[in-house]
Amino acid sequence: ALLDWDMCTRGDPLFDLATLVSYWIEPSDPKSMHEMGQMPTARTPGWLTRRQAVELYARKTGRDISNFHFYRVLTAFKLYIIFLQIYARYCRGTTTDPRIAALGPTADGLIDFAHQIMKGRAF
């Protein structure tokens, strides 16, 4: 594919911001987030937290983030679906990469984390 569906969107900038922070790993995040290894934010000192990054974005752009929770929840569930979709390819036998086999438990952890975000227990 020329464009990756989960990385190429057009619409509300808050959705893009929420997508960015959905990959943003913090030291206190559950194991599944760390297993993703998507961003070095937890391994490298000095990074803002997700909340700090969103608040900084709001200050610098003047955008209203009062409804940001909706986007955060949406992208947390989207991240779960992405990992589950990749794992499903392994289960169907269309890939034999052993790294993909580990994504099942990671996806389980991501859905739990998405529920925590939805309930306001995590950001």
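General observations
- Residue match in region 5-28 (condition: part of a loop (DSSP other than H, G, I, E, B), at pLDDT below 90 and either within 11 Å of the chain's Cα centre (by Cα) or of a type in the set (Asp, Glu) (or both)): yes
- Ala122 vs. criteria more than 16 Å from the chain's Cα centre (by Cα) and of a type in the set (A, V, I, L, M): no
- Pair list, Cβ under 8 Å, 6 or more apart: region 94-111 residue under 9 Å from Phe83 (Cβ atoms), other residue acidic (Asp, Glu): Thr106/Glu35
- Any hit, region 46-65, residues being of a type in the set (D, E, K, R), modelled with pLDDT under 95 and closer than 14 Å to Leu79 by Cβ: no
- Elements of type helices (runs of 4 or more DSSP H) contained in region 58-123, each with 2 or more residues being surrounded by 11 or more Cβ atoms within 10 Å (Cβ to Cβ) and small (Gly, Ala, Ser): 68-92, 103-118
A quick yes/no check of all residues on (1) of a type in the set (D, E, K, R); (2) closer than 22 Å to Ile111 by Cα:
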residue	(1), (2)
Pro13	no, no
Met36	no, yes
Ala42	no, yes
Ser66	no, no
Tyr71	no, yes
Tyr90	no, yes
Arg99	yes, yes
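- Scanning region 38-51 for residues that are loosely packed, with under 11 Cβ neighbours inside 10 Å and either under 14 Å from the mean Cα position of the chain (by Cα) or not in a loop (DSSP other than H, G, I, E, B) (or both) returns a single hit, Pro40.
- Verdict on Phe83 being at pLDDT below 95 and aromatic (Phe, Trp, Tyr): yes
The values are calculated or read from the model by the stated rules, or taken from the named source; none is laboratory data. Because the structure is predicted, anything quoted here is derived from the model rather than measured. Every residue, glycine among them, receives a Cβ derived from its backbone with ideal geometry; neighbour counts consider all protein chains shown.
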